[in-house]
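The values are calculated or read from the model by the stated rules, or taken from the named source; none is laboratory data. Keep in mind it's a predicted model, so treat the numbers as computed, not measured. Glycine gets a Cβ as well: all are built from the backbone with ideal geometry, and neighbour counts include every protein chain shown.
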Amino acid sequence: MHKTSAWPLALIYTGLIVYASLYPFADWRYQGIVPWAFLSSPLPKYWTGFDVASNVVGYVPLGFLLVLSALRTGNDRYAIVLATLAAGLLSLTMESLQSYLPVRVPSNADLAFNVMGAWLGALWAWAMERLGVLDRWSRFRARWFVSDARGGLVLLALWPLALLFPAAVPFGLGQVLERLEAALADVLHDTPFLDWLPVRDIELQPLVPGAELVCVMLGVLIPCLLGFCIIRSVMRRTLFVMVIFILGTAVTALSAALSYGPEHAWAWFGLPVKVGMVAALVLVILLLWLPRRASAALVLLVLGVYLSLLNQAPANPYFAQTLSTWEQGQFIRFHGLVQWLGWLWPYAALVYVLSQVWGPEVKN
């Protein structure tokens with residue numbers, strides 16, 4: 001019996017909704033009214049298509065994943081109703097808490113659109129069950145993946161989302177050193193501990209083409225090797241690698257188009273990136289027959305080199321401008337949520353492969 005990946009994905013997505021709803025978590029204050037007063041307020045006179053779409057679409061995955069979790073665990077009675085109520089309660093809580101944030105405005109229309117989105121997502125999952133799509137997925141998963149593949153599947157599902165935020169290097173996830181230094185300096189400001197903070201003698205410099213090539217190569221190699229940890233068949237690994245290369249290229253182009261405009265969709269696809277992707281493809285082909293546990297051990301090595309090299313480059317200088325000028329980019333990132341995925345994904349993969357290396361070998 002396979003453990004469902006829907007439940008951990010639902011928990012992760014709930015956390016993302018909380019982050020998006022309460023961002024920037026600053027300047028909390030009490031306005032002298034009860035937090036649920038917005039429920040009886042008149043409907044907003046003005047709203048844009050972007051507002052409607054973001055509130056509806058933002059809750060569709062939550063309703064879908066909650067119902068999918070219930071269906072996959074056999075608790076399908078009243079699944080649609082309970083999932084919609086749970087999502088509605090979450091939205092009500094978020095809208096109520098927004099009354100304490102000066103830059104957020106609670107809205108009964110937002111609540112209604114959120115509930116509608118969760119209901120549509122729940123119906124979508126229920127329809128897939130009735131049409132037999134979930135049974136076909138179960139059979140597909142049993143053929144393709146080992147029984148304890150849930151963690152790897154969750155990470156692989158999140159990888160394209162993590163790529164949506166533009167990075168200093170294509171496929172460059174986990175670039176946190178410069179931001180950690182700045183955050184620690186802010187926290188330790190006006191304290192004697194600030195003197196204990198290691199200070200670099202020189203500013204971080206952009207990577208030279210050769211280093212960028214290596215980062216691109218390793219950035220594509222990591223999800224491929226992660227897939228090898230849960231896929232045994234060489235033929236299926238080959239098909240999986242094709243999907244990773246196509247999906248990674250398409251999502252990176254989409255990110256560039258949404259961030260800088262459609263005319264810049266392929267501006268990132270320069271010579272170092274092309275050579276790095278070709279080198280990654282050659283390495284992946286040579287590693288198709290690698291055993292699962294050896295794949296996990298190799299991921300550890302590759303992640304160490306990759307994160308060390310990538311964190312020697314500065315952060316993307318166009319972040320602030322990108323986030324404020326391109327509406328589609330704001331929607332796709334939900335106030336920087338995808339950037340958090342880009343920061344944390346490699347470290348979550350590191351924890352997962354450590355468990356694979358040290359844990360018991362899966363026999364089926």
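Remarks
- Per this entry, ALA267 is counted among residues that are among the hydrophobic types (A, V, I, L, M, F, W, C) and free of Cβ contacts under 8 Å to residues at least 60 places away in the same chain.
- Residue match in segment 118-135 (condition: of a type in the set (Gly, Ala, Ser), out of contact with any His (no Cβ under 9 Å at 6 or more places or on another chain) and under 29 Å from ARG237 (Cα atoms)): yes
- Criterion violated by ALA79 - all others in (1) within 24 Å of the chain's Cα centre (by Cα); (2) surrounded by 14 or more Cβ atoms within 10 Å (Cβ to Cβ); (3) free of Cβ contacts under 8 Å to residues at least 60 places away in the same chain satisfied: (1)
- When the residues of segment 131-156 are filtered to those that are without any contact (Cβ under 8 Å) to a residue 12 or more places away in the chain and closer than 27 Å to ILE17 by Cβ, the one that is farthest from the chain's Cα centre (by Cα) is VAL133.
- Some residue of segment 76-83 being of a type outside the set (Asp, Glu), in the same structural domain as LEU134 (by TED's automatic domain parsing), in contact with a helix residue (DSSP H, G or I) (Cβ under 7 Å, 6 or more places away or on another chain) and under 19 Å from VAL18 (Cα atoms): yes
- Filtering segment 19-35 to residues that are under 23 Å from GLY88 (Cα atoms), at pLDDT 75 or above and exposed (fewer than 14 other Cβ atoms within 10 Å of the Cβ) leaves PHE25, ILE33, VAL34.
- Residues in segment 99-129 that are under 15 Å from ASN55 (Cα atoms) and without any contact (Cβ under 8 Å) to a residue 40 or more places away in the chain: VAL105, ALA112.
- A count restricted to segment 99-158 and to residues that are in a loop (DSSP other than H, G, I, E, B) and among the acidic types (Asp, Glu) stands at 1.
- Top-ranked residue of segment 332-364 - restricted to ones that are more than 21 Å from the chain's Cα centre (by Cα) and at pLDDT below 75, ranked as nearest to LEU16 (Cα to Cα): GLY359
- Filtered by the rule that a residue be within 15 Å of VAL216 (Cα to Cα) and either of a type outside the set (Gly, Ala, Ser) or in a helix (DSSP H, G or I) (or both), segment 163-173 gives LEU163, PRO166, VAL169, PRO170, PHE171, LEU173.
- Some residue of segment 310-330 being modelled with pLDDT under 95, under 29 Å from THR238 (Cβ atoms) and either surrounded by fewer than 17 Cβ atoms within 10 Å (Cβ to Cβ) or not small (Gly, Ala, Ser) (or both): yes
- For segment 145-163, the tally of residues that are at pLDDT 85 or above and either touching a strand residue (DSSP E or B) at 6+ places or on another chain (Cβ under 7 Å) or hydrophobic (A, V, I, L, M, F, W, C) (or both) stands at 11.
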